[in-house]
Every structure is written in structure tokens, then in C-alpha cells.
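Inspection log for the structure reproduced underneath, given as C-alpha cells.
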Amino acid sequence: MLTSFVKISNVTNLSDARYCAGMGVEMLGFSIDEGSQAYISPKKFGELKGWISGIQIVAETSMTDPVALLSLLEEYPCEALQVSDPDLLPILNRELDKPLLLRVDVDHYEADELDALMGRYSSEVTYFLLESDQNAELTNEWKDYIKALSQEYPILLGFGLDSQDAVLDAVEELNIKGIALRGGDEIRPGYKDFGAMMDILEALEEDD
């Protein structure tokens, strides 16, 4: 088992899915957006889902049309949903009985703006996932912001986690609910260099 809640985003292959499930990861995320490099078709989604158990499957999307999204979800039986558009949250909460994650790209927010966003939607969201499309560093300033925000809001941290030490420090110091990592491509079917993800998950394993 792991000492921290962990979500893996953008899973595209069975190697990642089975390895992460075996390590005790809590959530596996699959992109359902056709334009995404990590897109998973409904058929492949069903195949991957059939190989794993005991883990929450998250459908990940940047869609903004609630009607189209709710229709698409009929092809993706999932336990949780991750969106990027906060305006979707009220209708999704009315229509779905699932945990909702709001992905927030921190490149577009200052600390006070994050506080306002989280305060507005805290009743609609199970977790706020903080990521960075520009690979922002987890500076001391960001650490102070996140530590303060995590006193009020359920945060999954998904940026600046580029080493074991960075992950362990974040889990220990920032009072976050957990961390989020990203899956990667297979070298060929069934063969995968897990690299940094393996190092981080093994660092989070509980001592026997």
C-alpha cells in the first residue's frame, strides 16, 4: 500500500493500468477526448477496465458541452469524472452520482484567484487537481500558496513532482489530499519503462 492517495492521469496502456493497480493507486484516469494524444476509445477503455479491479476509474475530459458529455459518458462506465470547465459542475452534480474532479491549470491563476475559484466550487468538487501545462516548478512561493489552500480545500497536486524527494516533501509538508502523476506510452505492447513513476510510487510504499 501507498502512504499517500495517488491518481494517475492519461493512462493509455495495460502495463500502466495493471502496475498502478497492483501498487495500490486510488484512481486511474483515461482521456475520453478524441483530440487528446492520450485518447482512449470506448472499446479500448472497456478492454483496459476489464483487466483491473479495486481502483476508481476516472473519465478525463476538457469538453464544455454538458449534453454531449453526458451522452458520451454512456460509452465510458466510470466511477469518477474529471473536467476542466467549472461551469459544468452544477449540472453534472445534478445528473451524476459520481465524484467530480476539477482540473485547474495553475499557469493561468494567481494564489488569490485560485482561492476564489475553489471557494466558489468547493461544494461541487470532490478534488481540485492542480496541474501545469507549462511544467511549472513547485517553488517555495507555490508551496506556501498550496499549504494555505489545502487547509480549506481537497487538493491533488500534479505539478513540480519530478523526483522522489519532491513528492515526499510535498506529501509531508503541504497537507494535500494526494498527488497526481501521468502515465506514458509503452515501448511496445506489454513492455514499459516505468522510470520516474515507478521510483515515486516505490518511495511512497509503506514499510512492512
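The values are calculated or read from the model by the stated rules, or taken from the named source; none is laboratory data. Quantities reported herein were computed from a predicted structural model and do not represent experimental measurements. Cβ coordinates were reconstructed from backbone atoms using ideal geometry, including for glycine residues, and neighbour counts include every protein chain displayed.
The sole residue among 109, 19 that is closer than 27 Å to residue 206 by Cα and hydroxyl-bearing (Ser, Thr, Tyr) is 19. For the stretch 101-115, the set of residues classified as in a loop (DSSP other than H, G, I, E, B) and either surrounded by fewer than 13 Cβ atoms within 10 Å (Cβ to Cβ) or of a type in the set (D, E, K, R) (or both) consists of 110 only. Screening 110, 60, 75, 95 for residues that are among the charged types (D, E, K, R), more than 27 Å from residue 15 (Cβ to Cβ) and modelled with pLDDT of 95 or more leaves exactly one candidate, 95.
For every residue, the table says whether it meets (1) more than 25 Å from residue 91 (Cβ to Cβ); (2) small (Gly, Ala, Ser); (3) at pLDDT 90 or above.
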{"residue": "114", "(1), (2), (3)": "no, no, yes"}
{"residue": "172", "(1), (2), (3)": "yes, no, yes"}
{"residue": "178", "(1), (2), (3)": "yes, yes, yes"}
{"residue": "190", "(1), (2), (3)": "yes, yes, no"}
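Just to verify a result, which residue in the stretch 128-157, among those that are charged (D, E, K, R) and loosely packed, with under 12 Cβ neighbours inside 10 Å, is farthest from the chain's Cα centre (by Cα)? Per the stated criteria, the residue is 141. Among residues belonging to the stretch 39-54 that are modelled with pLDDT of 95 or more and of a type in the set (A, V, I, L, M, F, W, C), point out the one that is surrounded by the most Cβ atoms within 10 Å (Cβ to Cβ). Looking at the filtered set, the residue picked out is 40.
Among the candidates 120, 103, 18, 94, the residue that is touching a residue at least 40 places away in the same chain (Cβ under 8 Å) and of a type in the set (Lys, Arg) is uniquely 103. Considering only the stretch 16-38, state which residues are outside any helix (DSSP H, G or I), more than 13 Å from the chain's Cα centre (by Cα) and either surrounded by 16 or more Cβ atoms within 10 Å (Cβ to Cβ) or charged (D, E, K, R) (or both). Once the filter is applied, which keeps residues that are outside any helix (DSSP H, G or I), more than 13 Å from the chain's Cα centre (by Cα) and either surrounded by 16 or more Cβ atoms within 10 Å (Cβ to Cβ) or charged (D, E, K, R) (or both), the stretch 16-38 yields 24, 32, 33, 34, 38. Take residue 74 and tell me if it is touching a strand residue (DSSP E or B) at 6+ places or on another chain (Cβ under 8 Å) and surrounded by fewer than 18 Cβ atoms within 10 Å (Cβ to Cβ). So residue 74 fails the test. Taking the stretch 42-72 as the range and being closer than 20 Å to residue 94 by Cα and either free of Cβ contacts under 8 Å to residues at least 24 places away in the same chain or hydroxyl-bearing (Ser, Thr, Tyr) (or both) as the test, the residues that pass are 61, 62, 64, 65, 67, 68, 69, 71.
The listed residues are 197, 118, and the only one of them that is at pLDDT 95 or above, in contact with an Asp or Glu (Cβ under 9 Å, 6 or more places away or on another chain) and part of a helix (DSSP H, G or I) turns out to be 118. Look through 44, 98, 49 and report the one residue that is among the basic types (Lys, Arg) and assigned to a loop (DSSP other than H, G, I, E, B). It is 98. Considering the stretch 1-15, and only residues there that are within 19 Å of residue 164 (Cα to Cα) and of a type in the set (A, V, I, L, M, F, W, C), the residue that is surrounded by the most Cβ atoms within 10 Å (Cβ to Cβ) turns out to be 8.
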